[in-house]
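The block underneath contains the structure these notes are about, expressed in structure tokens.
The values are calculated or read from the model by the stated rules, or taken from the named source; none is laboratory data. Every value quoted in this text rests on a predicted model; they were computed, and no experiment measured them. Cβ placement follows ideal geometry from the backbone for every residue including glycine, while neighbour counts extend to all protein chains displayed. Remember, those area values only see protein heavy atoms, side chains included, never the ligands or the DNA or RNA. Shrake-Rupley method; radii C 1.70, N 1.55, O 1.52, S 1.80 Å.
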Amino acid sequence: MSASPTPTPRLLGVGGYLPSRTLTNPALETMVETSDQWILERTGIATRHIAADDESVATMAVEAGAKAIAASGIDASDIDLVLSATCSMPYAVPGAAATIAHGLGIPAPGACDVNAGCASFTYALAWAADAIKAGSARRVLVTGSEKISPFIDYTDRSVCIIFGDGAGAAVLAADDRGGVGPVVWGSDGEQAAAIQVPAGEQYLRMDGAAVFRWATSQMVDVARRACASANVAIEDLAAFVPHQANLRIVDSLARSLKIPTEKVSRNVVDTGNTSAASVPLALDRLVQEGRTTSGDPMLLMAFGAGLTYAAQVVNCP
């Protein structure tokens with residue numbers, strides 16, 4: 001008996017959702033000792049979105065997921081696995097994935113949450129692709145959704161100027177065309193204290209300078225290895241979609257990789273750092289603005305608390 005061919009995953013559709021309330025730099029000037037110029041010089045961020053009281057990780061993921069499913073051209077009932085990438089659930093149990101699936105009318109899928117900090121979505125995307133290749137799933141919804149504002153101390157200007165809320169989503173499915181490269185991932189637990197909510201505390205604390213030094217010195221090699229694993233030359237990438245942590249980090253990585261500005265997602269200017277929602281939101285914006293075409297190779301890359309990181313070349317839906 002001949003072996004069945006290994007299924008190949010492909011990205012079919014993406015979607016995004018941002019809360020309607022915005023928090024601008026001038027508004028932050030009235031809340032904490034800072035200024036629009038100070039924020040722009042250090043982060044490149046002009047505004048960020050803040051979820052309403054009745055919006056949650058799950059409700060925002062449902063909004064983004066519905067758009068991704070519609071863009072994919074498949075029916076929600078055909079999805080057999082839902083992965084929710086998030087690090088901002090307000091409680092430990094239950095996770096958001098089953099609630100998201102119910103909200104989208106997906107009947108009885110496998111469902112679980114993935115928490116690798118800001119790298120959660122890239123981890124979940126890799127697991128979704130592996131589940132398809134292993135035959136454990138054929139159609140997977142991956143959401144990256146964060147309501148991180150309740151964890152932000154708005155008297156701490158080193159943190160409150162950076163983060164925002166939002167959600168993004170992607171649908172992957174078994175497809176003969178393929179288009180999802182191998183993941184390159186890892187962690188550096190020695191740096192775990194750089195981003196954390198300390199035990200017994202409510203608010204996120206971050207050593208921004210340490211994260212900046214680590215990301216700009218370590219992630220360039222990760223990007224190169226991800227492209228090499230996918231047999232895609234960096235100069236052949238149609239888009240570079242790094243974690244939108246800070247515009248200085250984004251631009252530094254792009255310069256080191258010699259990727260032209262027009263190919264680089266700089267979504268952070270308008271959204272702030274949305275943690276696990278960062279990459280899918282940026283990817284959705286690229287697609288919506290027509291900056292890529294179907295089949296184009298794109299490098300997705302993120303890093304976050306842990307410190308964790310993951311990078312993967314995927315073809316544009």
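When the alpha-carbon atoms of segment 231-307 are used, the pair Rg, Dmax equals 11.8, 34 angstrom. Shape call for segment 163-300 from the C-alpha gyration tensor, a ≥ b ≥ c root eigenvalues: rounded (a/c under 1.5), prolate (a/b greater than b/c) or oblate? The shape class here is prolate. Oblate is the label for segment 146-193. Its Cα gyration tensor axes, ordered a ≥ b ≥ c, give a/c of at least 1.5 and b/c at or above a/b.
Here segment 111-157 has 50 percent of its accessible surface on carbon and sulfur atoms, given a 1.4 Å probe and all protein chains in place.
Starting from segment 23-124, pick out the GluC sites (Glu not before Pro) whose DSSP state is loop and whose Cβ has at most 13 other Cβ atoms within 10 Å.
Of the GluC sites (Glu not before Pro), the ones in loops of segment 23-124 whose Cβ has at most 13 other Cβ atoms within 10 Å are Glu33.
Rounded, prolate or oblate: which fits segment 14-57, taking a ≥ b ≥ c as square roots of the Cα gyration tensor eigenvalues, rounded meaning a/c under 1.5, else prolate when a/b beats b/c?
Taking the square roots of the gyration eigenvalues as a ≥ b ≥ c, segment 14-57 is oblate.
Among beta bridges identified by DSSP and lying wholly in segment 1-118, the antiparallel ones come to about 35 percent.
Computed from the Cα positions only, the extents of segment 214-254 along the three principal axes stand at 28, 20, 13 Å, in decreasing order.
In the structure shown, the pairs Lys67/Lys258; Lys67/Lys133; Lys147/Lys258 are assessed against 27 Å; a Cα-Cα span above that value is assigned to Lys67/Lys258; Lys147/Lys258.
Near Gly306, the amide H atoms lying under 5 Å from its own belong to Ile195; only residues 5 or more places off or on other chains count, and H is placed 1.01 Å from N. Once the trypsin sites (Lys or Arg not before Pro) in DSSP loops with at most 14 neighbouring Cβ atoms within 10 Å are cut out of the chain, the longest remaining piece is 22-176. Each principal axis of segment 94-221 carries a Cα extent, and these read 48, 37, 23 Å when sorted largest first. Computed extension length for Gln288-Ala209: 25.1 nm, one decimal, from 0.36 nm per residue of separation with the Cα-Cα distance subtracted. The list (i) 36, 58, 6, 0; (ii) 29, 57, 13, 1; (iii) 28, 39, 26, 7, 0 gives values of P(r) over Cα pairs in 20 Å bins from 0, in percent, and only one came from this structure; which label was calculated from it? Computed from the coordinates, P(r) over Cα pairs in 20 Å bins from 0, in percent corresponds to (i). The string of couplings for segment 246-260 from the Karplus curve (6.51, -1.76, 1.60, θ = phi - 60°) is 5, 4, 5, 5, 4, 5, 5, 5, 4, 5, 5, 8, 6, 9, x Hz, one whole number per residue in order, with x for Gly and Pro.
With a Förster radius of 41 Å, plug the Cβ-Cβ distance of Ala92 and Thr261 into 1/(1 + (r/R0)^6) and report the FRET value to the nearest 0.05.
0.50
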